[in-house]
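Rule-based calculations on the coordinates, nothing more; no lab input. Computed from a predicted structure; not experimentally measured. All Cβ positions, glycine included, derive from the backbone under ideal geometry; neighbour counts span all protein chains shown.
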Amino acid sequence: MADATEIPESRYHVRSISMPSRSHPTATDIEEELNRLRALESLSTAQSGSPLKGESISVALLGLVELYKCVESILQMPQTPQTLVHHQLDGWVDELIEGSVTLLDIGSTTKDILLQMKENVLDIHSALRRRKFEEMLGNKIATYISFKKRVKKDVSCCLKMLKRL
């Protein structure tokens, strides 16, 4: 006979709860940086109805720097090559590389625009100091206006590339 103190097993069901796996802290940092950049973009467009301006561009560029640092730290992890090889068939690697190249192109374009803008402003200041208003200043201002039109076109192109990402 069964012992009276023995409890049948059918009364107590043991369940195994599988908790969701935690993301790597660096992956969480990347998500936070992306969320900050999205919030900054939505805030700036909500306030002014136009893309980022002035200080917002500086903050966004600093956010991109932090994002690149996080991505670099993930790429340097020992598990990354194995994961990339595993998912290469899915086309993720190609998509990531394409996105990185696009972001590098946008960063390069932004840098070129800022350097050219600085050069144009210095030229206009120089023309004002020399007091050759009629010839030099007219030419410099015309150059600046044509540059401004080209920048608008380049910025809209970069924004289209970002939206595709």
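Tabulated data for the structure shown
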read-out: Among Ile106, Ile124, Phe147 the positive-end extreme of the charge dipole of the range 88-165 (Cβ point charges); value: Ile124
read-out: Gain on full stretching of the segment that runs from Gln116 to Ala27 - 0.36 nm per residue minus C-alpha separation; value: 28.5 nm
